[in-house]
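A.B. asks: This is the structure I have questions about; it appears just below.
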Amino acid sequence: MAFLALDGLCASYGGAKDVLSDVTLNFAKGEVVGLIGPSGSGKSSLLRALVGLLKPRAGQVTLGGEAVDYGSRQSLRAARDRFAIVFQQYNLFQNMTALRNVAIAPTLVKKRKAAEVEAEARSLLTKVGLGEKFNAYPDELSGGQQQRVAIARALALHPDILLLDEVTSALDPELVGEVLDTIRALHAEGITMLIVSHEMAFIREVATTVVFMDQGRVVEVGPPAQIFDAPQSPRLRDFTARILRH
Amino acid sequence: MSYTLIYSQVSGHIPYLLAGAWLTLQLACISFFIGWGIGLVNAAVLAYGPRPARMAVRAYVTFFINTPLLVQIFFIFFVLPDMGILLSPYAAVAIGMSLNAGAYLTEIQRAGFGSLRRAEMDAAAAMGFSLVQTIWYVVLPHIAKALYPPLANQFIIQVMTTSIAAIFAVEELTGRAYNVNSLTFRALEVFSITAVIYIALTILCSLALALLGRWLFRVNAKVF
């Protein structure tokens, strides 16, 4: 049975037009899913819908065999316990140090012991290469460093599924590599990830499954080799032709 | 024209002036904190309140920002007694300054209510923060930090503005300087000493506020 199943998911930002329409997808545990597609195709909205930042209008999300009810506070909390999201703009808490950014949710939300969480936060920050930056505030860090703090912050929640929303799009080109290396290391550990990215070479390298979306719909799903080398649908063929020309 | 500075005739009055400076600080603190409270409530009303309440707040702010403080205090001190409200000069000045500061602090704090960080609130929500936790740990620190410099500025303005109390015979620093001048007629000495006390007072307040800001919010305010 699928670990994460989306069935007919629809969502809109209040307008008449759905940003997600009838999204049906199934993923197994340990999969790394690359979500690709043109801007406005609903990739980021899909991740936001999974963590309840965008309320689904219709459809069903099932995680580990349990249906998520986004209308119920308790169910939403349980879902947020199992998903962790990393945003394009990092969204770090500017008034907190790197260490506190990583440690706050486990202590506050999961009620874990402060000392234990702090020790883990230190090891996570060290793991993403920021062992020297525990007490730095976000505005004292480069974009790449901030994004790595955000990844450590997400990992501190021990998510079943890590959602990465265009995590390198806001970075200077020379900083992209350090963040991708961090994700590669997670990939090696076998953590389940949904990655929205425009770094096609990277998606091709780490993804086990690639989902191509357009105008809120899933157009094609397949292994990277199929998606990039032998696209079935005309829309995807058009898309890959255009990105591979660059 | 030759003028011989004779500080000896005035120096004996320095403790009297310093005691006046203490009253100056009191007036500044009272009017600032009451004005702050008024401003906070008004800003919340402007952000979330019903239309009639918003209109009332706008009228209040418009009136107090567009009339001179002196006129406002004259009104409180001379007009209110006709309505049976008799106030001491000190109370009239304190109330006038508080209401006036309240108008400016409404405007200042209104901006703070607009400076929400959508992105950080999203992150907090996605990590399972409750609404109260989000407000306490994410929203309020930003508002406080954004508002700290203009609030600190307003406090210094309040310190300077207290000199208006001298007109109502309140014996704060300027009032006492006026008294000493009437006694000694050493105007240059009296008012130069008064100016130095004001400068010392402002520098001390700025320093204290800058240190407090650095400690609370990492605001790297210039002290001088």
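Laboratory data are not the source of any read-out in this text; all were calculated from the coordinates shown. Since the structure is predicted, the reported quantities are computational estimates derived from the model, not experimental observations. Glycine also receives a Cβ, built like all others from the backbone with ideal geometry; neighbour counts cover every protein chain displayed.
A.B. asks: Hey, can you grab everything whose amide H is under 5 Å from the amide H of A:Arg112? Only 5+ residues off in sequence or another chain; H modelled, so Pro and N-termini drop out.
C.D. replies: A:Thr107
A.B. asks: Averaged across orientations, what area in nm² does the convex hull of the alpha carbons in region A:26-80 project?
C.D. replies: 4.3
A.B. asks: Turning to a different aspect of this structure: With a cut-off of 8 Å between alpha carbons and a minimum separation of six or more residues, what is the relative contact order of region A:4-244 in percent?
C.D. replies: Once normalised by length, the contact order is 26 percent.
A.B. asks: Also, I was wondering about something else. Cα axis of helix A:114-127 to longest principal axis of chain A: angle in degrees, 0 to 90, nearest 10?
C.D. replies: So the inclination is approximately 60 degrees.
A.B. asks: Which value in deg cm²/dmol, rounded to the nearest 500, describes the helix-derived mean residue ellipticity at 222 nm for the protein assembly as shown, given -39,500 (n - 2.57) per DSSP H run of n ≥ 4 and division by the residue count?
C.D. replies: So the calculated ellipticity at 222 nm is -18000 deg cm²/dmol.
A.B. asks: For helix A:173-189, what angle does its Cα long axis make with the longest principal axis of chain A, in degrees from 0 to 90 and rounded to 10?
C.D. replies: 90
A.B. asks: When only alpha-carbon atoms are used, what values of Rg and Dmax, in angstrom, describe chain A?
C.D. replies: 17.9, 55
A.B. asks: Could you work out the relative contact order of region B:8-217, using alpha carbon pairs under 8 angstrom and six or more residues apart, expressed as a whole percent?
C.D. replies: Here the relative contact order equals 32 percent.
A.B. asks: Right, next: Counting only DSSP beta bridges with both residues in the protein assembly as shown, tell me the antiparallel percent, nearest 5.
C.D. replies: In the protein assembly as shown, DSSP labels about 55 percent of beta bridges as antiparallel.
A.B. asks: When the convex hull of the Cα atoms of region B:8-217 is projected onto a plane and the area is averaged over all directions, what value comes out in nm²?
C.D. replies: 14.6
A.B. asks: Computed FRET efficiency, Cβ-Cβ of A:His158 and B:Ala56, R0 45 Å: what is it to the nearest 0.05?
C.D. replies: Using R0 = 45 Å, I get an efficiency of 0.30.
A.B. asks: Moving to a separate point now. Of all beta bridges DSSP finds with both residues in region A:4-244, what is the antiparallel percent, to the nearest 5?
C.D. replies: If I count the DSSP bridges inside region A:4-244, around 55 percent turn out antiparallel.
A.B. asks: Based on the Cβ-Cβ distance from B:Ile65 to B:Val132, what FRET efficiency comes out when R0 is 41 Å, to the nearest 0.05?
C.D. replies: Efficiency at R0 = 41 Å is approximately 0.75.
A.B. asks: Same structure again: How big is the dipole moment of region B:8-217 about its Cα centre under a simple scheme where the beta carbon of each Lys and Arg is +1, that of each Asp and Glu is -1, and everything else is neutral? Debye, nearest 20, please.
C.D. replies: Roughly 480 debye, rounded to the nearest 20.
A.B. asks: Angle check, please: helix B:187-217 long axis (alpha carbons) against the longest principal axis of chain B (alpha carbons), in degrees 0 to 90, nearest 10.
C.D. replies: 20
A.B. asks: Hey, if you put +1 on the Cβ of every Lys and Arg and -1 on every Asp and Glu Cβ in region B:8-217, which of B:Met83, B:Ser192, B:Thr62 ends up farthest toward the positive end of that dipole?
C.D. replies: B:Thr62
A.B. asks: Also, I was wondering about something else. Work from the charge dipole of the protein assembly as shown (Cβ charges, +1 for Lys and Arg, -1 for Asp and Glu, about the Cα centre) and give the residue of B:Pro149, A:Ile191, A:Leu6 farthest towards its positive end.
C.D. replies: It is B:Pro149.
A.B. asks: Sticking with this one: Between region A:137-168 and region B:1-73, how far is it from one alpha carbon centroid to the other, in angstrom?
C.D. replies: Between the Cα centres of region A:137-168 and region B:1-73 lies a distance of 47 Å.
A.B. asks: About the Cα centre of chain A, what is the dipole size in debye to 20, counting +1 per Lys and Arg Cβ and -1 per Asp and Glu Cβ, all else neutral?
C.D. replies: 620
A.B. asks: Roughly speaking, what is the centre-to-centre gap between region A:61-95 and region A:100-118 when only Cα atoms are used, to the nearest Å?
C.D. replies: First find each Cα centre; the distance between them is then 17 Å.
A.B. asks: Something else: Label point 7 Å out from A:Asp69 along Cα-to-Cβ: which residues of region A:152-182 have amide N under 19 Å?
C.D. replies: No residue qualifies, since no backbone N sits under 19 Å from the label point.
A.B. asks: Quick check: convex hull over the Cα atoms of the protein assembly as shown, volume per residue in Å³, rounded to an integer?
C.D. replies: Cα-based convex hull of the protein assembly as shown, divided per residue, equals 226 Å³.
A.B. asks: In nm, to one decimal, how far is the modelled label at B:Trp22 from the one at A:Asn135, with both set 7 Å along Cα→Cβ?
C.D. replies: 4.0
A.B. asks: Simple spin-label model, 7 Å along Cα-to-Cβ: B:Ala47 to B:Ser11 in nm?
C.D. replies: 5.4
A.B. asks: Between A:Phe212, A:Val68, A:Leu99, whose Cα lies farthest towards the positive end of the dipole of chain A when Lys and Arg beta carbons carry +1 and Asp and Glu beta carbons carry -1, centred on the Cα centre?
C.D. replies: Projecting each Cα onto the dipole axis, the largest value belongs to A:Val68.
A.B. asks: Assign unit charges at the C-beta atoms only (+1 for Lys and Arg, -1 for Asp and Glu), then state the dipole size of the protein assembly as shown relative to its Cα centre in Debye, rounded to the nearest 20.
C.D. replies: 560
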